Amino acid sequence: MARIRTIKPEFWKHEDLSALPEITHMLAAALLNHADDEGYFNANPALVKAECLPLREYSLSTQEMLNQLSNVGYIELGAGADGKRYGRVVKFDEHQRVNRPTASKIKVIHIVWGDGLSAHGTLSEDSSPERKGKEGKGREQGKESTGVDLSTAGGDAATDDHADNDAEEGQDLLGNRPKKPAVPNCPHMEIIDLYHEVLPELAQVRVWEEDRKELLRARWKGAPERQNLDWWREFFASVREMPFLMGERTDRDGRAFACTLEWLVRPKNFAKVIEGNYLELRR
């Protein structure tokens, strides 16, 4: 659950954070909202994205950004005895003054921080108090270490001579699959221009705010072939072959329907157009 927080002016002048990608610096601020009243948070990348950056598109993975923040000592990352991933804003008390704070439910969980994580982000056999890690920025001396660095700049663990035996085929030491090629950003204006060009009879787009952008963005990202303006030209051309969508048919009350771009990119309508459902209406 997101919480109302304050951000000091010094936050934007933090040299280490400012050296990171802009989206990572933004995530650092958003984690203050995501964290509980003692600075702890669930560090599952999918949950972090959903809570902190739900509508943003970015080339880095959420885990990479968390690793970058860990590198500069802004957060700590660890694995709990319950098998879940957790994080902690290291100097949360310096950032926030919480009135009547709620006790952290995460703080009471046994968590192995930083180097005590195994290659797959779970508790390792070598995570005993006797194994001391090296003192580093943002980490306290005495943390456990398995020799696997989970916070390298690229998000990949450093490997040793036995790396090939520890990782499954097609995965790195963290159990991550190789990155898929980045999806190109959705060219909203170009697609709108094509819609106007191919279907000038239909209602013109005058406003294209975030809710509509999200619909079009989802259709663009839905399949690789759609990430091409030629595909969208053909899609709009197919709409021209559907009389009902072009306002050439009337219902029982004599009223004609004509689609709009927003209507076309809604999930169910989009699927029906692609499947040719409205072609049956032509006589």
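Of note:
- Low-density loop positions, GluC sites (Glu not before Pro), segment 220-283 - DSSP coil, at most 15 other Cβ in 10 Å: GLU241, GLU275
- Pairs from LYS13/LYS84; LYS49/LYS105; LYS49/LYS213; LYS49/LYS272; LYS13/LYS213 whose Cα-Cα separation, in the structure shown, is over 24 Å: LYS13/LYS84; LYS49/LYS272; LYS13/LYS213
- Think of a 1.4 Å ball rolled over the protein heavy atoms: segment 207-283 then has 62 Å² of accessible area per residue.
- Amide proton proximity set for ILE75, modelled H, under 5 Å, gap of 5+: SER70, VAL90
The values are calculated or read from the model by the stated rules, or taken from the named source; none is laboratory data. All values derive from a computational prediction rather than experimental measurement. Neighbour counts are summed over all protein chains in view; Cβ atoms, including those assigned to glycine, are modelled from backbone coordinates with ideal geometry. Ligands, DNA and RNA are excluded from the accessible area calculation, which covers all protein heavy atoms including side chains. Shrake-Rupley method; radii C 1.70, N 1.55, O 1.52, S 1.80 Å.
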